[in-house]
Amino acid sequence: MANRDKLEKTHDRLVRAVASITSGEDWRRMLDVAGRFHTYSPGNVFLVLAQRPDATRVAGFNTWRKLGRQVKAGEHGIAILAPCLYRAHRGDGEVAEDAEESRALRGFRVVHVFDLEQTVGQPLEEVAPVSLAGDAPAELWERLAAQVAAAGFHLLRGDCRPANATTHFHSRAVVVGTHLSPAQACKSLCHELAHVRLHDGGEYARGCRGVTEVEAESVAYLVCSAAGLPTEEYTFPYVALWAGGDVKMVRQTSARVIGCAREILRESGLGSADGGCPES
């Protein structure tokens with residue numbers, strides 16, 4: 001029972017950390033900055049990625065200036081389509097006063113935006129995961145990999161950037177990036193193992209991606225903590241971002257998260273007979 005309590009206490013620490021992050025000034029400033037970026041239509045997202053596949057955050061020339069950044073000399077803009085709106089008239093010839101009625105779509109025009117990497121200047125306010133450095137505990141990779149294989153998934157190393165790792169349910173494959181340190185690779189493998197155990201690949205279509213990412217990263221945090229691999233610098237902001245600052249969501253996933261972590265620990269030989277964390 002004491003070991004089970006240790007898992008619960010570790011998860012409680014995660015909940016408190018997310019609450020602290022999302023109540024801080026850095027979080028508020030980050031949201032203020034995020035609010036300056038447009039949400040682009042699927043068509044414009046396609047246009048951005050077709051022209052600049054590694055784009056991460058795009059905005060117009062003037063928006064970057066307002067954020068304290070300048071487009072680098074010689075950079076070519078990314079062409080997207082912007083709607084042309086005009087003030088509509090009612091049937092009696094008067095301009096409609098209602099905001100919904102007063103603007104009508106007349107067509108589209110080409111405008112240009114620029115990716116973050118095409119600019120220089122003040123760093124953007126953000127709360128971001130910090131990739132883990134260094135080595136992983138001995139045999140942790142092998143023990144997690146064995147569980148991936150036991151679940152009927154192939155484990156591959158490859159270039160899956162910008163993601164650190166991905167799980168393909170249709171082809172039943174888990175890919176972990178070759179660009180990662182041993183510590184980050186093990187943490188990411190555990191994250192994907194949690195997806196394999198808890199999810200079916202259809203959650204994204206059902207609008208549940210935030211929950212799935214919170215669950216998978218929480219499991220990775222608990223398992224890695226028990227194995228002696230601290231992941232706080234990566235996990236705490238990652239969970240906060242995917243939860244959208246909703247501490248209640250993180251708390252409500254605790255039963256599934258702790259249960260999954262307990263099973264992984266038991267099957268990997270890292271936990272005791274009741275599935276808890278080993279005493280250290």
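What follows is calculated from the coordinates using simple rules that are stated; it is not laboratory data. Fair warning: this is a prediction, and the values are worked out from it, not measured in the lab. So basically every Cβ, Gly included, is an ideal-geometry build from the backbone, and we count neighbours across all protein chains shown.
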Computed over the chain, the ratio Rg/Rh where both radii use C-alpha atoms and Rh is Kirkwood: 1.07
Karplus (6.51, -1.76, 1.60) ³J(HN,Hα), θ = phi - 60°, over the stretch 193-206, in Hz, Gly and Pro reported as x: 4, 5, 4, 4, 7, 9, 10, 10, x, x, 5, 4, 5, 8
Percent of beta bridges antiparallel (DSSP, the chain, rounded to nearest 5): 80
Expected 222 nm ellipticity per residue - DSSP helices of 4 or more, -39500 (n - 2.57), all of the chain, to 500: -14000 deg cm²/dmol
Relative contact order of the chain, defined on C-alpha pairs under 8 angstrom at six or more residues apart (%): 21
Relative exposure of 171, 188, judged by other C-beta atoms within 10 Å (fewest first): 171, 188
Semi-axis lengths, Å, the stretch 202-255, gyration tensor of Cα atoms, sqrt of 5 times eigenvalues: 20, 12, 10
Phi to ³J(HN,Hα) by Karplus 6.51 cos²θ - 1.76 cosθ + 1.60 over the stretch 173-183, Hz, x for Gly, Pro: 9, 10, 10, 10, x, 6, 7, 8, 5, x, 5
Filtered chymotrypsin sites (Phe, Trp or Tyr not before Pro), the stretch 115-204: DSSP coil and at most 16 other beta carbons within 10 Å: 169, 204
Longest to shortest principal axis, alpha-carbon extents of the stretch 1-85, angstrom: 62, 31, 27
Neighbourhood charge, 12 Å Cβ-Cβ cut-off, centred on residue 144 and excluding it, Lys, Arg +1 and Asp, Glu -1: -1
